[in-house]
1. For segment B:108-147, which residues satisfy the criterion of being part of a helix (DSSP H, G or I) and buried (at least 24 other Cβ atoms within 10 Å of the Cβ)?
2. With the checklist (1) open to solvent by less than 30 Å² (accessible area, probe 1.4 Å); (2) over 24 Å from the mean Cα position of the chain (by Cα); (3) of a type in the set (A, V, I, L, M) in hand, flag the one item A:Ala267 doesn't pass.
3. Return the pairs, sorted by first residue and then second, in which the second residue is hydroxyl-bearing (Ser, Thr, Tyr) and part of a loop (DSSP other than H, G, I, E, B), the first residue lies in segment A:27-54 and is in contact (Cβ under 8 Å) with a residue 12 or more places away in the chain, the beta carbons are less than 6 Å apart, and the residues are 6+ apart or on different chains.
4. Could you give me the residue pairs with C-beta distances under 6 Å whose first residue belongs to segment B:43-56 and is crowded, with 21+ Cβ neighbours inside 10 Å, whose second residue is in a helix (DSSP H, G or I) and modelled with pLDDT of 95 or more wherever it lies, and which are 6+ apart or on separate chains?
5. Of the conditions (1) at the interface with another protein chain (Cβ under 7 Å from one of its Cβ atoms); (2) surrounded by fewer than 21 Cβ atoms within 10 Å (Cβ to Cβ); (3) in contact with a Lys or Arg (Cβ under 6 Å, 6 or more places away or on another chain), A:Ala166 fails just one. Which one is it?
6. For the subset of segment B:148-171 comprising residues that are small (Gly, Ala, Ser) and more than 22 Å from B:Glu55 (Cβ to Cβ), which member is nearest to the other protein chains (Cβ to nearest Cβ)?
7. Only one of these is within 13 Å of chain B (Cβ to nearest Cβ) and in contact (Cβ under 8 Å) with a residue 24 or more places away in the chain: A:Ala218, A:Ala248. Name it.
8. From the list A:Leu88, A:Leu58, which one is in contact (Cβ under 8 Å) with a residue 24 or more places away in the chain, of a type outside the set (Gly, Ala, Ser) and under 26 Å from A:Thr122 (Cα atoms)?
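The values are calculated or read from the model by the stated rules, or taken from the named source; none is laboratory data. What you are looking at is a predicted structure, and each value in this text was computed from that prediction instead of being measured. Virtual Cβ from ideal backbone geometry, glycine too; neighbours counted across all protein chains shown. Surface areas here come from the heavy atoms of the whole protein model, side chains and all, with no ligands, DNA or RNA. Shrake-Rupley method; radii C 1.70, N 1.55, O 1.52, S 1.80 Å.
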Amino acid sequence: MTRILVVGEVDATEAITKLSTEVATLARALADALGMETLGLIPSAGAEGGAGEFARYLPTVVVDDGVASGATASERAATIFAALESSLTDVHHVLLPASPDGRDLAGALSAFTGWGVLANATGAGSGDDGLVVEQSVFGGKLITRSTFTDGLGIVTVRPNTVTAVAQDAPGTVETRTTAPTASVAGVSVVDRIESEGAAVSIDDARIIVSGGRGVGGAEGFALLQDLADALGGAVGATRAAVDSGWIAYSQQIGQTGKIVKPQLYLALGISGAIQHKVGMQTAETIVAVNRDPDAPMAEFADLYVVGDLVEVGRALLDQLRARAG
Amino acid sequence: MRIVVLTKPVPDPASGAERLLPDGRLDRAASPAVVNGNDEYVLEAALKLVEAAGEGEVILLSMAPATAPETMRKALAMGAHRGVLVTDPALEGSCAVATTRVLAAALKTIEFDLVFAGVDTSDGVAGVVPAGIAALNGLPYLSYAAGIEPDMTARRVRVRRISPTGFDVLEAAMPALISGTQALGEPRYPSLKGIMAARNKTIDTLALAELGIDPSTVGTAGAKTKVHAWEPPPPRAATRVIRDAPDEAARQVVAFLAERRLV
């Protein structure tokens, strides 16, 4: 039987990322539909803790300690390539998180293997030609369905494509050591700088409270932060707010920022220009507050409040806090 | 200091006119071509570094249709010194794997200290090509750069890479390949002088035969992926508009969120 390899990603504390568990959940469904098996892989020495958590989502997870903890994506790719050539020759598809590291890994692995890449999948299933991958293209204007022409390929999967569901019983964890066969030019990490009061990541946030030019300044974002805290979400922003220096680039949503798919997108003072829309239009629910009744956002939000974002935002915060008691 | 900047002409995302041909390939005639947004940020960073060094050149490298020089002129007008365009009818319909191989082969014909690329392109958004080129050519790969500091004397480069909680400081020997983001800073607008000068700058073209690549392994013939079907996404439900005073508006928002189990 052929296999789907799911490459899991661990964070700085060696915990498995939420997106990795979503990719694993998708892989299980695909394996059932395609008559394949799954195998989890964490190419990082010392990741047994994260692997244990990952194994709640997959029958078998391998930790490959042929790669040092904190190795670059290129080094991980060289080790995965070596494994695909030796112990994992029955793997036909590799599924990865569409995270920065996942993209780097997919690119290097594709170069080593010559396998095709279908990036940023928003869904996947089976068809006449095997695996069919759904992607959202042209800023969400079209949904495409694609296949690999030779049955072998690499897929990166976007956050919130599926909801992670653990198996009834946890899987097993094994450790292997694969020596890389391709040489990778060295990149050393000289320092890791934690930003003071780093914002909650918007990548896989369930709720995002986002602000644009209308927020008016860095102080204005304090209200958004309070709303995000009350809702259990993260703060996002438009490019205009980031360019004005009100909030970090890591929180930017849109064409040159991140593409997000939260359950709730609360947009304050955002007009909804195409450059921003492409980053958030697939949110399940969009609620917007804006003074301009004719802003583009009024055409695709589910609920559109015509009003002052500070006044409505404060009233909303009071009511959310009163509700939480 | 010589910096190669990978530059892709893409359909203008602001045009809203992008579409696919019946065979699933991009219809390049449907919308005007522009320089990919993220490529402009790394180009700006390259121009600043070469200006600060007081010597060197910025070389654009594109794999694109024969009409690409029109788009490349804008990047030349910003200040890049010359361009190299890999163009060949056999490349039409190339997937990311072929694009990676072709650009990797073309890079070997150019002398450089650093290669810059945007983290992704606004048309494909895959963001996998730079990492692949680095892997094929044995170059150190430093991605998601928010700051780039080369040291020509030590022949090493430092990059501030955006991490989920802040920055990682990465270091590697030159030559190296770096992918960058908007965090590098706003690109300049071409000056009138720059636009005039760009007319006389050189764009050398390379065909597949000059790179020793078999045409049957690239383009539609060699594509590893194929688009079979496409459709617009399901339309969103109609917008409900609220024009009440703040307290009442907020009450309705909370009720709406509660209905959807979001609070």
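1. B:Val129, B:Pro130, B:Ala131, B:Gly132, B:Ile133, B:Ala134, B:Ala135
2. Only one criterion is unmet by A:Ala267, namely (2).
3. Between residues of segment A:27-54 that are in contact (Cβ under 8 Å) with a residue 12 or more places away in the chain and residues that are hydroxyl-bearing (Ser, Thr, Tyr) and part of a loop (DSSP other than H, G, I, E, B), the close pairs are A:Met36/A:Thr2; A:Ser44/A:Ser69; A:Ala45/A:Ser69; A:Gly46/A:Ser69.
4. Close Cβ pairs satisfying both conditions: B:Leu43/B:Ala75.
5. (1)
6. Residue satisfying both the conditions and the ranking: B:Gly166.
7. Result: A:Ala248 is the single residue among A:Ala218, A:Ala248 that is within 13 Å of chain B (Cβ to nearest Cβ) and in contact (Cβ under 8 Å) with a residue 24 or more places away in the chain.
8. Matching residue, one of A:Leu88, A:Leu58: A:Leu58.
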